[in-house]
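Written below as structure tokens is the structure these notes are about.
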Amino acid sequence: MSSTPLTFKADHAISVRGWVDNKNSDYDYALIILQEDTSQGWMSFGWYTGLGEGWRINIDGFPSDKPLGTMWHSFGSITDASGNRFDHDADTFPGNSGSGVYLFISASNFMRIYGVHTGAYDYFSVSFPDVWNSHTVTTNVATRINEVRFKLICGWMASPQLC
């Protein structure tokens, strides 16, 4: 097995106005069209309204704290799933952004992407009654694929029959 990373050239990317024009993180997703077929396979993606807190998720990406060009796997759980995004506690680092957040069921070898990891944010956690133990908490966030986004992304694809 070669240790040389595979590289592919992008032809163009497609995204939505909420992200391109306004940088609204609720709309931080895109589809990158490559210049040639990679013959590397693909992972299915979809939407599920029952996606919720406690679901075990996985992320494969290229975090910048690791050797350049190396893919790393992390896993965790959804900690909040409301609206257009969901929070999760998988171990990520800048460079993981854009990675699919997917569910994996080993018994059936089922994998499906339900979101796109977009980064992390801090929030202030206050402990009552002991406010002196308050602290800043960082959580990871993913843009959620819902029915509308699923249909939109399928329309962008050259092979919508994969949907």
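Selection within segment 69-82: residues that are under 15 Å from the mean Cα position of the chain (by Cα) and of a type outside the set (Ser, Thr, Tyr). The member of this set that is nearest to residue 144 (Cα to Cα) is 81.
Among the residues of segment 24-47, those identified as over 15 Å from the mean Cα position of the chain (by Cα) and either of a type in the set (Asp, Glu) or closer than 19 Å to residue 87 by Cβ (or both) are 24, 36, 37. Output the residues belonging to segment 29-48 that are in a loop (DSSP other than H, G, I, E, B) and in contact (Cβ under 8 Å) with a residue 40 or more places away in the chain. Across segment 29-48, the qualifying residues are 29, 42, 43, 46, 47, 48.
If you go through segment 56-70 and keep only what is within 20 Å of residue 30 (Cα to Cα) and either of a type in the set (Gly, Ala, Ser) or not in a strand (DSSP E or B) (or both), you end up with 61, 62, 63.
Quick grid of which residues meet (1) farther than 24 Å from residue 111 by Cα; (2) small (Gly, Ala, Ser); (3) touching an Asp or Glu at 6+ places or on another chain (Cβ under 6 Å):
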| position | (1), (2), (3) |
| --- | --- |
| 29 | no, no, no |
| 36 | yes, no, no |
| 46 | no, yes, no |
| 60 | no, no, no |
| 64 | yes, yes, no |
| 67 | yes, no, no |
| 74 | no, yes, yes |
| 79 | no, no, yes |
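Conditions tested, residue by residue: (1) farther than 23 Å from residue 70 by Cα; (2) exposed (fewer than 10 other Cβ atoms within 10 Å of the Cβ); (3) at pLDDT 90 or above.
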{"residue": "2", "(1), (2), (3)": "no, yes, no"}
{"residue": "7", "(1), (2), (3)": "no, yes, no"}
{"residue": "10", "(1), (2), (3)": "no, yes, yes"}
{"residue": "16", "(1), (2), (3)": "yes, no, yes"}
{"residue": "19", "(1), (2), (3)": "yes, no, yes"}
{"residue": "26", "(1), (2), (3)": "yes, no, no"}
{"residue": "29", "(1), (2), (3)": "no, no, yes"}
{"residue": "36", "(1), (2), (3)": "no, yes, no"}
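Of the numbered criteria (1) within 20 Å of residue 151 (Cβ to Cβ); (2) touching a residue at least 24 places away in the same chain (Cβ under 8 Å); (3) surrounded by 14 or more Cβ atoms within 10 Å (Cβ to Cβ), the one residue 92 fails is (1).
Yes or no: segment 102-109 includes at least one residue that is surrounded by 15 or more Cβ atoms within 10 Å (Cβ to Cβ) and closer than 24 Å to residue 158 by Cβ. The answer is yes; a qualifying residue exists. Within segment 72-113, can you find the residues that are of a type outside the set (Ser, Thr, Tyr), part of a loop (DSSP other than H, G, I, E, B) and either closer than 14 Å to residue 48 by Cβ or in contact with a strand residue (DSSP E or B) (Cβ under 7 Å, 6 or more places away or on another chain) (or both)? Result: 84, 89, 90, 91, 95, 96, 98. When restricted to residues that are among the hydroxyl-bearing types (Ser, Thr, Tyr), under 12 Å from residue 112 (Cα atoms) and in contact with a Gly (Cβ under 7 Å, 6 or more places away or on another chain), segment 44-72 contains 0. If the condition is being among the aromatic types (Phe, Trp, Tyr) and surrounded by fewer than 10 Cβ atoms within 10 Å (Cβ to Cβ), then segment 38-64 contributes only 42.
The values are calculated or read from the model by the stated rules, or taken from the named source; none is laboratory data. Remember, it's a predicted structure, so these values are computed and weren't measured experimentally. Using ideal geometry, Cβ is built from the backbone for each residue, glycine included, and neighbour counts are taken over all protein chains shown.
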